[in-house]
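Working notes, beginning with the structure itself.
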Amino acid sequence: MEKIERVKRDLIHKGAILDIYEDTVKLPNGKEEKWDFVSHRMGAACVLAVKPDGKIMMVRQYRNALDRFTLEVPAGKRDSVDEDTSICAARELEEETGYRAGKLEKMLSLKSTVAFCDEFIDVYLATDLQKIGEQHLDEAEDIDIESYELEELMEMCYSGKLQDAKSVAAIMAYAAKIK
């Protein structure tokens, strides 16, 4: 495979958690192309939370990019680039659901959209859950908690009803783990 060389990277927009760049790349045939690149400075974590009855907690929230509500596993960005993703995962679980995990186990790491973004998400399994209080949502968050059997969630993944990549990855990893 021949090398592709980045010739230039121009910052187009600096956002709160994302920076958007226009890259100029030189292809093996000598031609130059413009490619978009989105840098997610913080990284994130998500949590597949299994309740004592075996049901999996999911959150339903509005997503502006899709202009609709989506069903997802609890997730969020790290507070700093140095924050361990297990701390982020535990915090997001508590904030979004009001539950604390007695056991938190990393299942996998993924890159959300490798074609144009460097965001990484570590995927955790939370078990031995204890209700510790109410949700502690950010001002702009409005999240409903729903619980599902694993089989229901897998069917939603296969039918296309559940399309969030981190959630699909978490559900499939958990299904493989318990087999």
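Here is the list for the stretch 1-35: GluC sites (Glu not before Pro) lying in DSSP coil, each with at most 13 other C-beta atoms within 10 angstrom of its C-beta, are Glu2.
A cut-off under 10 angstrom between Cβ atoms defines the neighbours of Asp36, and their net charge, with Lys, Arg +1 and Asp, Glu -1, is -1.
Can you check what the net charge comes to around Gly54, using other residues whose Cβ is under 12 Å from the Cβ of Gly54 (Lys, Arg +1; Asp, Glu -1)? Mind showing how you got there, number by number?
Numbers: positive: Lys51, Lys55; negative: Asp53, Glu149, Glu151, Glu152.
Counting the neighbours of Gly54, the net charge comes to -2.
Please check: in the Gaussian network model of the chain (C-alpha springs, under 10 Å), which one of Val38, Val81, Val50 has the largest mean-square fluctuation. Per the Cα network of the chain with a 10 Å cutoff, Val81 tops the list. Across Asp164, Asp82, Asp144, mean-square fluctuation computed from a Gaussian network of the chain (C-alpha pairs under 10 Å connected) peaks at Asp82. Under a Gaussian network description of the chain, with springs only between Cα atoms under 10 Å, the residue in Glu95, Glu146, Glu155 that fluctuates furthest is Glu155. If you take every residue apart from Glu152 with its C-beta less than 11 Å away from the C-beta of Glu152, what net charge results, scoring Lys and Arg +1 and Asp and Glu -1? Counting the neighbours of Glu152, the net charge comes to -2. The tail of the calculated P(r) for the stretch 55-179, taken as Cα-Cα distances beyond 17 Å, holds 59 percent of the pairs.
Read-outs throughout are calculated quantities, based only on the coordinates presented, and are distinct from any laboratory measurement. In this text, all values refer to a predicted model and were calculated from it rather than measured experimentally. As a convention, Cβ positions derive from the backbone with ideal geometry for all residues, glycine included, and neighbour counts pool all protein chains shown.
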